[in-house]
Amino acid sequence: MIKSKEALSMSEALEYLKGKGSEEEKARSFIQKFVKLNPKDAKEMKEKLAKLDLMKMKSEQIVKVIDILPEDKEDLNKIFANVNLDEDETKKILDPVKEYK
């Protein structure tokens with residue numbers, strides 16, 4: 001049953017896959033191959049990015065930033081494909097990412 005609809009990073013999703021079932025174990029091992037941050041750091045980064053209060057940044061894009069950890073403007077533009085970010089906005093987003101690399 002769906003209790004709420006919220007965008008989660010892959011790190012946060014791992015916290016929901018704690019069961020011992022074979023399907024959950026398969027999903028967990030698959031996701032762990034791509035996770036770059038632990039759940040605590042992912043939540044902290046999510047809060048920092050949300051506090052930037054950028055009108056152009058949606059929660060879905062925040063979790064993609066956490067999952068991918070873009071290194072430069074070009075990587076960031078892949079996440080924000082339909083949005084034009086100026087230099088200041090790009091810097092504001094990339095600064096917290098650099099803290100967790």
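Observations on the structure shown:
- Within the same chain, lysines fewer than 8 places from Lys73 are excluded, and of the rest, those with a Cα less than 24 Å from its Cα are Lys36, Lys43, Lys46, Lys48, Lys51, Lys56, Lys58, Lys64, Lys91, Lys92, Lys98, Lys101.
- Packing-based order for 34-41, 89-96, 2-9, using average beta carbon neighbours within 10 Å, highest first: 89-96, 34-41, 2-9
- Rounded to the nearest 20 debye, dipole of the chain from Cβ charges on Lys, Arg, Asp, Glu: 420 debye
- Only helices enter the 222 nm calculation for the chain: every DSSP H run of n ≥ 4 contributes -39,500 (n - 2.57), and dividing by all residues gives -18000 deg cm²/dmol, rounded to 500.
- Computed over region 39-99, the alpha-carbon pair-distance distribution with 10 angstrom bins reads 22, 66, 12, 0, each value a whole percent.
- With the simple model of a label 7 Å out from the Cα in the direction of the Cβ, Glu24 to Asp72 spans 4.3 nm.
- Taking θ as phi - 60° and the Karplus parameters 6.51, -1.76 and 1.60, the scalar couplings of region 52-62 work out to 5, 6, 8, 4, 7, 9, 9, 4, 5, 6, 4 Hz in sequence order, x denoting glycine and proline.
- Degrees, to the nearest 10: 87-99 long Cα axis against longest axis of the chain: 40 degrees
No lab work stands behind these numbers, since they all come straight from the coordinates. Only a predicted model underlies this, so the values are computations on that prediction, with no experimental measurement involved. Cβ: placed from backbone, ideal geometry, glycine included. Neighbour counts: every protein chain shown.
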